[in-house]
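Working notes, structure below.
The values are calculated or read from the model by the stated rules, or taken from the named source; none is laboratory data. Bear in mind the structure is a predicted one, so any value in this text is a computation, not a measurement. FYI the Cβ positions are ideal-geometry reconstructions off the backbone, even for glycines, and counts take in every protein chain you see.
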Amino acid sequence: MTPAEREEALERREANAALLQAKLEKDRAALESEISASAAASRAASAITRALQADAAKRVKDLEAESAQLEGKLARLKADVSKATPAQPQENPSEKAAVAAAKAQLANDRAAFDAERAEFAREAEAGQAKLRAEAKSLAELRAKLVTIRSEIEAGVKAREADVHRKEAGLEAERAKLQASATALARTEAQLSEQRAKMEAQVAALASKEVMFEERHRQLQENMKNFVRT
């Protein structure tokens, strides 16, 4: 693999790591938004439960006050009846009907009070169960968010370490290539210098050869002149 291919592969890995990190950040933001919504819903449910409890307490007090009034009325009616029949109690149909009606009203009020108290207990229990479920869901979401954050951080650290390792390797290869290029340039310079020296030597030899030929020619001419003489 050439250095250019290594750089291209490294850039692709970095781009993929950036995309994965962006997706993880998006998922984390969605989880945080879901947790915030769940917390808001939990607070709203708590407020509704408190309002229901306050309303139920007020209704209980009103019913108790009304029950006390009816019991007082019944007590007064009994007292009136006992006063009206000193020796031989003679039943007055109207008073008897009033007492029976008061007792029936009291029984109905008590039954209604018990029914409302039971209904409130059921609503309160349902609200508490909902709050517990929401708290559990919120805790699970928070745990999931912590896990995702840990995975993101671990993945980012691992990718950063991998990128740094590849960058170090690429830098070492660049340094090696640079050293090779420098050595090659030095060798080329030495070869150029040697070529120049060889060319100078060739030129010197050529000059000596010319001089030798000239001397040889002169020697031949001298020999010819000597022979003629």
Tell me which residues, restricted to the range 95-119, are under 12 Å from E71 (Cβ atoms), surrounded by 14 or more Cβ atoms within 10 Å (Cβ to Cβ) and either in contact (Cβ under 8 Å) with a residue 60 or more places away in the chain or under 60 Å from the mean Cα position of the chain (by Cα) (or both). D109
Within the range 165-180, is there a residue that is more than 51 Å from the chain's Cα centre (by Cα) and more than 30 Å from N16 (Cα to Cα)? no
Which residue pairs have Cβ atoms under 6 Å apart, sit 6 or more places apart or on different chains, and have a first residue in the range 17-41 that is over 16 Å from V146 (Cβ atoms) and a second that is part of a helix (DSSP H, G or I) and charged (D, E, K, R)? A17/R159
Can you say whether T147 is surrounded by 10 or more Cβ atoms within 10 Å (Cβ to Cβ), assigned to a helix (DSSP H, G or I), free of Cβ contacts under 8 Å to residues at least 12 places away in the same chain and more than 26 Å from the chain's Cα centre (by Cα), as far as the supplied structure shows? no
In the set A135, A118, A87, A124, which member is assigned to a helix (DSSP H, G or I) and either farther than 30 Å from S36 by Cβ or modelled with pLDDT of 80 or more (or both)? A118
